[in-house]
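Q: The structure is given below, and queries will be raised subsequently.
The values are calculated or read from the model by the stated rules, or taken from the named source; none is laboratory data. Note that this is a predicted model, so its numbers are computed, not measured. Please note: Cβ atoms are built from the backbone with ideal geometry, for glycine as well, and neighbour counts cover all protein chains shown.
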Amino acid sequence: MSKKKKIILLGASGSIGLSTIKLIRSKKDYFDLIGISVHSNVKFLSEIVKEFNVKYVAISNLESSKDFKSKATIFYGKQGLIDLSSINCDLVVSGISGVSGLLPALNAIRSGSNLAIANKEPLVVAGKIFVSEAKKHNVKILPVDSEHSSIFQCFNESQRSNISHITLTASGGPFLNLGRKDLTNIKPIDAIKHPTWRMGKKISVDSATMVNKALEIIEAGVLFNLTSKEIDVLIHPQSIIHGLVHYKDGSTLANLSNPDMISPLAVALAYPERLNLKIKPLSLGQISNLTFFKPDLKKFPALKFGWQALRSGGAYPVIFNAANEVAVEYFLNNLISFNNIIDLIDNSLSVINFHVPKNVEDSLEIDRITRLKVMEYIKGL
């Protein structure tokens, strides 16, 4: 790289944020971390600001911000995240979990920065708007999810007419070998124990319900302009092959790597170049056995919501995402059962109706009302 890339990291203390910092720390000659955000972990924030001489910070939790002192420029609250994403840089890494990361990520695009997006929710809730704004401002949306990064690396846009479909793989989560009835008494501590990936609590629960994969179906449709019929899902417990692109001539391109977020992060941060990383190389000889099978849609009905969201469009993806976020929060607080998560999503998609959102404000209002309705429904359980 001819010059250091200026990086702003949204959600520095989350799992994606920590992996991003680890990568930047190992490649300080390539990257300059000029801005970061945290929700409330100001102790961690102070350490990172000092280590990297960060110039701009945002603290979304106003109460926590009182304990932070620094020479860096400080932005506060939800608006602070938007202000931080407006700073001129080469790349904004969006790692804020949930729909709260939508506006800062969109603002990064509108400010002319490339966006490395790790959180699925913005593209699920307002995908068409993100793609349209990226084209308008001539910036790239670079996927960080291992599955979408894999598709991104194998998807030859100039050969789009010759691509048949893609396949996203899924580990199956911690309950792959349990029956639907066995899931009744699952506790949060069980749901967050992912067999192959180290992730935050919310996304770990999403993986256990397969909502995570349903969201990825929607995201893939947005990023690569695919229909529901052009996206397949296979269970692959080893999590070595993350995505496949199938061409009409019978050939298939697959991306393989060990289950480590550093690799897809490196692809996004260094794009269009590649980094020489000191990470454990993939050894197929040691693995020896890779297995694949179709998902059980009766056990994991959430997948059907993902395909339906692509077919229906409109408010459907917004309702799906909002209902899930509320349900997962209540589950993690031991207020509803594991199986209640899917039941609440299904109920919300069946009874909540909205007009087609015309802009981000419409989508966020649908999100807000859906959350209120889901919370009301939970009270009646």
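Q: So the check is Cβ under 6 Å with 6+ separation or different chains; which pairs have a first residue in the stretch 362-381 that's among the aliphatic types (A, V, I, L, M) and a second one that's at pLDDT 95 or above and part of a loop (DSSP other than H, G, I, E, B)?
A: Ile366/Ala315
Q: Looking at Asn225, is it polar (S, T, N, Q) and more than 16 Å from Gly173 (Cβ to Cβ)?
A: yes
Q: Among the residues of the stretch 98-126, count how many are among the small types (Gly, Ala, Ser), surrounded by fewer than 22 Cβ atoms within 10 Å (Cβ to Cβ) and touching a residue at least 60 places away in the same chain (Cβ under 8 Å).
A: 1
Q: Please specify each residue of the stretch 269-278 satisfying the condition of being surrounded by fewer than 14 Cβ atoms within 10 Å (Cβ to Cβ) and under 19 Å from Phe152 (Cβ atoms).
A: Within the stretch 269-278, Pro272, Glu273, Arg274 qualify.
Q: Continuing with the same structure: Which residue out of Arg198, Arg180 is under 21 Å from Gly306 (Cα atoms), at pLDDT below 90 and exposed (fewer than 15 other Cβ atoms within 10 Å of the Cβ)?
A: After ruling out the rest, the residue left standing is Arg180.
Q: In the stretch 280-303, which residues are within 17 Å of Gly179 (Cβ to Cβ), part of a loop (DSSP other than H, G, I, E, B) and in contact (Cβ under 8 Å) with a residue 24 or more places away in the chain?
A: Lys294, Pro295, Lys298, Lys299, Phe300, Pro301
Q: Quick check on Tyr330: is it over 20 Å from Ile129 (Cα atoms), surrounded by 14 or more Cβ atoms within 10 Å (Cβ to Cβ), of a type outside the set (Lys, Arg) and at pLDDT below 95?
A: Here the answer is no, as Tyr330 does not meet what is asked.
Q: For the stretch 67-100, which residues satisfy the criterion of being of a type outside the set (Ser, Thr, Tyr), at pLDDT below 95, closer than 28 Å to Glu216 by Cβ and outside any helix (DSSP H, G or I)?
A: Gly95, Ile96, Gly98
Q: Enumerate the strands (runs of 3 or more DSSP E) found wholly within the stretch 206-260, keeping only those where 3 or more residues are of a type outside the set (Lys, Arg) and crowded, with 23+ Cβ neighbours inside 10 Å.
A: Filter on the stretch 206-260 gives 241-247.
Q: Here is a check on your reading of the model: is Asn347 surrounded by fewer than 22 Cβ atoms within 10 Å (Cβ to Cβ), polar (S, T, N, Q), in a helix (DSSP H, G or I) and more than 19 Å from the chain's Cα centre (by Cα)?
A: yes
Q: Right, next: Based on this model, can you work out whether Ile151 counts as among the aliphatic types (A, V, I, L, M) and part of a helix (DSSP H, G or I)?
A: Criteria met by Ile151.
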